[in-house]
Amino acid sequence: MSSQILHNARQYEETYEKDIRPEDRPAFHLTPRVGWMNDPNGFSFYQGKYHLFYQYYPYASHWDSMHWGHAVSEDLLCWEYLPAAMAPDQDYDKDGVFSGSAITLEDGRQLLVYTGVEKQLQSDGQYKEIQVQCGAIGDGLDYQKLEANPVIKGDTVPEGSSIYDFRDPKVWQKPDGTYRLLVGNRAPDGTGHLLLYKSEDACSWEFQKVFAKNEGRLGSMWECPDFFELDGKGIVLISPQDMLPQGLEYHGGNGTVCLIGSYDADTDTFTEETNQAVDYGLDFYAMQTVLTPDGRRVMIGWMQNWETSKAHSDQDRWFGQMSLPREVSLKNGRLYQQPIRELEQYRGNKVEYKDVLVKGSRAISSEPGVAGENSLGVTLEGVEGRLIDLEVEISGADADTLYDRFTVSLAADNCCHTDICFRPKESVVTLDRTFSGSRYDVVHQRQAKVASTDGTLKMRIIMDRFSLEVFLEDGREVMSAVIYTDMAAEGIRFTADQDVRLQMTKYDLEL
Ligand code: FRU
């Protein structure tokens, strides 16, 4: 039975999505049907289609009372909106239907698990958000919240846990048919941990153990956990709040972390061995994964950052977009990411250049974030656009001296450009969108450490109108950022301070 609140949201989105022209959205990155979007939720394959739900407030382009928006796709690139799946319409979730995940039950129905939020008056006279875990069962279109909700309440958490920061359940089924649920939690002392619950029926849950802990490092609350096995390792994905910067690995604020370790399935014991950032760019958070029918582990994130999420006009009809779905794998103990291979079927208009010499000039090689000299540098006939898949490979042309910097500028015209600058001597790549049309004084630049030290670098850049995702060194590092540049700025330029040799293939993405 759908509530009036859900009914209103469904009517609103159907009426007002028409105000948004398709060309004012990205072509293949999912955006909210109308209004605001944050985290991906319930990323799953169900009844022959991928389902992606999302944190959603249809009525404005800012965060407010959370619903779950819903879209389906056959290839993770062309999305079709379905009516909003859930609204904050019960006492236990009236202040928000927060993030969660999805699973197919034995009887073929789909279970969504999520965090319900309710502001309750405390003895000190203050209102505080109580967070509980809830379920809803449906057929891929309509979902019924469980009579038994909330299925996990704060009274189940172990000592040293919080009932206020207790959210974002990730559910999975073990080969023996039993279920596990991982929930983020922040202890009163500010440190975070992940709580593991167990169930026979995915409805009645029993606390099992603390699955992983931040031990005073890697931020405070760990939001949006995911867990899966990959090539014999256990992988925990988390989005921590309040990170302290750590070299070029982690930036301050809300970050993304991948814990890689051993996993003993019999005892559900995860032992962390290493950790790394998931994305080194400006906009990526709250990632989730799905296992595709052909066995690929595909990850998607919210291509945004909380810190900059208010840096847009309230007049915007939509705000927030998902990242490109990425196939993840393990290589030399690191998490690698590649754009999902389905993207290749939309490649058209191939333009290829072999052995182009980018003539070095100290005068014109753009420093990241430095305006001017925009008309300089090498441009190549047929190489431009904002909906593109661009592969670039470079190497220094002079065997004796290593160059200082090489820059690709994209979404460029006389006043705008977004730069990817490589400094081989420091093995650092900088992504800079200072001149991308933003009118806000927010972070516009970020750096990543790469493995290359000899001046060679391979990158694949995917642009979808208002974003770029840069896959460096075959996906060893990824940098993602949204841009605000007027669509007319579609130039691409290459500059270097000394001669650099360039191999390049560009495709237009036609979808
Ligand atoms: C992460 C997050 C989640 C929460 C949701 C609320 O971005 O803060 O922890 O469930 O967003 O919209």
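The values are calculated or read from the model by the stated rules, or taken from the named source; none is laboratory data. The shown structure was predicted, so the numbers you read here are calculated from the model rather than taken from an experiment. Heads up, the Cβs are rebuilt from the backbone with ideal geometry, glycines too, and the neighbour counts pull from every protein chain shown. Ligands, DNA and RNA are stripped out before the accessible areas are found, and what is left, the full protein with its side chains, is counted by its heavy atoms. Shrake-Rupley method; radii C 1.70, N 1.55, O 1.52, S 1.80 Å.
A few comments on the model shown:
- The one condition in (1) open to solvent by 10 Å² or more (accessible area, probe 1.4 Å); (2) more than 14 Å from the ligand (Cβ to nearest atom) that A277 fails to fulfil: (1)
- Taking the stretch 158-181 as the range and being assigned to a loop (DSSP other than H, G, I, E, B) and more than 16 Å from the ligand (Cβ to nearest atom) as the test, the residues that pass are P158, E159, G160, K174, P175, D176, G177, T178.
- Of the criteria (1) in a loop (DSSP other than H, G, I, E, B); (2) surrounded by 20 or more Cβ atoms within 10 Å (Cβ to Cβ); (3) in contact with a helix residue (DSSP H, G or I) (Cβ under 9 Å, 6 or more places away or on another chain), which one Q498 fails: (3)
- Unmet requirement for R186, which otherwise passes all of (1) more than 16 Å from the ligand (Cβ to nearest atom); (2) open to solvent by 20 Å² or more (accessible area, probe 1.4 Å): (1)
- Among the candidates H62, H67, residue that is within 14 Å of the ligand (Cβ to nearest atom) and touching a helix residue (DSSP H, G or I) at 6+ places or on another chain (Cβ under 6 Å): H67
- A residue that is under 21 Å from the mean Cα position of the chain (by Cα) and in a loop (DSSP other than H, G, I, E, B) can be found somewhere in the stretch 458-475.
Here's the yes/no breakdown for (1) part of a strand (DSSP E or B); (2) closer than 24 Å to L82 by Cβ; (3) within 16 Å of the ligand (Cβ to nearest atom); (4) touching a Ser or Thr at 6+ places or on another chain (Cβ under 8 Å):
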{"position": "S99", "(1), (2), (3), (4)": "yes, yes, yes, yes"}
{"position": "I103", "(1), (2), (3), (4)": "yes, yes, no, yes"}
{"position": "D107", "(1), (2), (3), (4)": "no, yes, no, no"}
{"position": "L111", "(1), (2), (3), (4)": "yes, yes, no, yes"}
{"position": "Y114", "(1), (2), (3), (4)": "yes, yes, yes, yes"}
{"position": "K119", "(1), (2), (3), (4)": "yes, no, yes, no"}
{"position": "Q131", "(1), (2), (3), (4)": "yes, no, yes, yes"}
{"position": "A136", "(1), (2), (3), (4)": "yes, yes, yes, no"}
{"position": "L141", "(1), (2), (3), (4)": "no, yes, no, no"}
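- Odd one out for Y81, checked against (1) under 20 Å from Q11 (Cβ atoms); (2) crowded, with 18+ Cβ neighbours inside 10 Å; (3) of a type in the set (S, T, Y): (2)
- Check on Y59, open to solvent by 30 Å² or more (accessible area, probe 1.4 Å) and assigned to a loop (DSSP other than H, G, I, E, B): yes
- Residue count for the stretch 303-335 satisfying the condition of being under 20 Å from the mean Cα position of the chain (by Cα), open to solvent by 20 Å² or more (accessible area, probe 1.4 Å) and of a type in the set (S, T, Y): 1.
- Subset of the stretch 435-470 (residues that are touching a strand residue (DSSP E or B) at 6+ places or on another chain (Cβ under 7 Å), polar (S, T, N, Q) and more than 30 Å from E23 (Cβ to Cβ)): Q447, T456
- Single residue of the stretch 439-479 satisfying the filter (of a type in the set (V, I, T) and either open to solvent by 60 Å² or more (accessible area, probe 1.4 Å) or modelled with pLDDT of 95 or more (or both)) that is nearest to P26 (Cα to Cα): I462
- When the stretch 36-59 is filtered for residues that are within 13 Å of the ligand (Cβ to nearest atom) and of a type outside the set (S, T, Y), the ones remaining, listed by number, are W36, M37, N38, D39, P40, N41, G42, F53, Q55.
- The stretch 118-164 - residue that is hydroxyl-bearing (S, T, Y) and farther than 17 Å from H67 by Cβ and, of those, farthest from the chain's Cα centre (by Cα): S123
- Taking the stretch 218-267 as the range and being within 16 Å of the ligand (Cβ to nearest atom), crowded, with 21+ Cβ neighbours inside 10 Å and among the small types (G, A, S) as the test, the residues that pass are G219, S239, G255.
- Of the residues screened, D39 is not one that is surrounded by fewer than 16 Cβ atoms within 10 Å (Cβ to Cβ) and touching a residue at least 12 places away in the same chain (Cβ under 8 Å).
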